[in-house]
Amino acid sequence: MQNKTKRLVSSLLVATLLAGSAAATTSAFDLGRVLGGVVKVGGIGYVVDRFSDQLNSFINKLMLKNNVETEYATKVVPIISFGDSGYIGAAQVIGPQSLVEQVEAVAQVEANFNDRLFRIKGLVPVDSKNPTNLSRVDGVGVSAVIDVRF
């Protein structure tokens with residue numbers, strides 16, 4: 001699906017450039033950037049959903065191998081960003097089984113501190129993937145952050 005969208009965007013860009021309109025060219029580049037962002041966000045969501053169990057198992061084995069395993073329940077969920085309103089990665093959450101089951105995502109909240117000397121990222125386990133309607137799941141923490149390379 002990602003290749004089809006890239007081909008569509010490329011075709012739109014070429015057609016617009018050939019038309020010779022500066023305004024249309026700017027619009028085409030904006031469309032390409034927006035569509036590319038949508039594909040990336042959707043792709044990350046798909047990859048996280050598809051590999052969440054395998055990622056969770058891998059992280060648990062990694063922790064066991066390094067003598068930092070846990071008896072608590074764990075689960076891998078997407079990280080959502082308030083600024084972008086999209087998926088930006090994944091995280092493993094940890095806690096009592098009944099609480100971990102309630103977690104649908106980890107919300108990332110970012111801010112700069114002390115004239116941008118520090119960049120703060122708060123990671124909060126939440127009960128929804130919808131950034132406009134979610135609640136924190138108290139008693140659950142984040143034990144690992146997974147970067148998704150695209």
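The values are calculated or read from the model by the stated rules, or taken from the named source; none is laboratory data. For clarity, every value in this text was computed on a predicted model and none was experimentally measured. Neighbour counts run over all protein chains shown; Cβ positions are idealised from the backbone, glycine included. SASA here: full protein model, heavy atoms, side chains in, ligands and nucleic acids out. Shrake-Rupley method; radii C 1.70, N 1.55, O 1.52, S 1.80 Å.
Things worth noting here:
- Probe 1.4 Å, protein heavy atoms only - accessible area per residue of the stretch 109-150 in square angstrom: 77 Å²
- Around residue 129: net Lys/Arg minus Asp/Glu count, Cβ-Cβ under 12 Å: -3
- Full-extension gain in nm, residue 112 to residue 128, via 0.36 nm per residue minus C-alpha separation: 3.2 nm
- Residue-count net charge about residue 74 - beta-carbon cut-off 13 Å; Lys, Arg +1, Asp, Glu -1: -2
- To the nearest 10, the accessible area of residue 115 is 150 Å² with a 1.4 Å probe.
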